[in-house]
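Written out below as C-alpha cells is the structure these notes cover.
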C-alpha cells in the first residue's frame, strides 16, 4: 500500500473579463473546458476537493461534482487569487501594502492543512497565481520568477505528489485533456 498523496492543482476555466474587482463567471468556452476536465478528474479518484469561493472556480468544480456528487469538499475564501507581485507580476496602484503579507499567510496556512490530510487524492480548484506560488514552494524556487516561468492555462492540471519524506511536482500545466 502506498503512503503517497496526490494533490491536483486545477486552474478554473476561461472567464468573462467584466472589470477589476468583479467576480466573473465562466465563458461558454470555460464551461466546455470544465466539462472536459471533469472527465479526466473522474478517472483520478479524487477523495476531497478544496474550492476557491470565487464563481469561476466554483463553476469549474461544479462540472466535476456532477460526475462525482458525493465528493467531500471545502469551499473557502483562503484559495482566492493572490497578489501577482508575490509571483513576480507587476504591482497594482492602490493595493494595500499588507496584501502581499496577508495573501502569503492565507495560502501558506491552507497549504499546511492540505498537506496534513489523510486523503490519498485531493483536488484544489484555484487560480493561476496560487498555483504558481505553490509550485514555487514545492520546488523551492524563487516565487518571483513564477510569473513568466510557470505556465498555468485555463483548466490545466498541475500534479504534486507527497510521500512520507518528500514532495515533488510530477507535472505542470497539463492541458491535453482540453
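Structural remarks
- Largest mean-square fluctuation among 143, 69, 25, in a Gaussian network model of the chain whose springs join Cα atoms under 10 Å apart, belongs to 69.
- Segments 3-15, 125-137 sorted - mean Cβ within 10 Å per residue, highest first: 125-137, 3-15
- Stretchable slack from residue 102 to residue 28, in nm (0.36 nm times residue separation minus alpha-carbon distance): 23.3 nm
- Mean projected area (nm²) of the alpha-carbon convex hull when the chain is viewed from all directions: 10.1
- Kirkwood radius and radius of gyration were both taken over the C-alpha atoms of segment 40-129, and their ratio Rg/Rh is 1.03.
- Considering only 161, 16, 43, the Gaussian network model of the chain with Cα springs below 10 Å gives its largest mean-square fluctuation to 43.
- In plain terms, the chain from residue 62 to residue 92 could stretch by 7.7 nm, reckoned as 0.36 nm per residue minus the Cα-Cα distance.
- For the chain, the 222 nm mean residue ellipticity estimated from helices alone, with every DSSP H stretch of n ≥ 4 adding -39500 (n - 2.57) and the total spread over all residues, rounds to -10500 deg cm²/dmol.
- Cα gyration tensor category, rounded, prolate or oblate, for segment 132-178 with a/c compared to 1.5: oblate
- Directionally averaged projected area (segment 61-112, Cα convex hull): 5.0 nm².
- Segment residue 112..residue 16, full-extension length gain: 31.4 nm, with 0.36 nm per residue of separation and the alpha-carbon distance subtracted.
- When peptides 52-64, 70-82 are sorted by average Cβ neighbour count within 10 Å, with the highest value leading, the order is 52-64, 70-82.
- GNM result for the chain, Cα springs below 10 Å: residue of 112, 29, 100 fluctuating most strongly: 112
Every read-out reported here was derived from the displayed coordinates using simple, explicitly stated rules and does not represent laboratory data. These figures come from a predicted structure and were not determined experimentally. In this analysis, Cβ positions are derived from the backbone assuming ideal geometry, glycine residues included, and neighbour counts consider all displayed protein chains.
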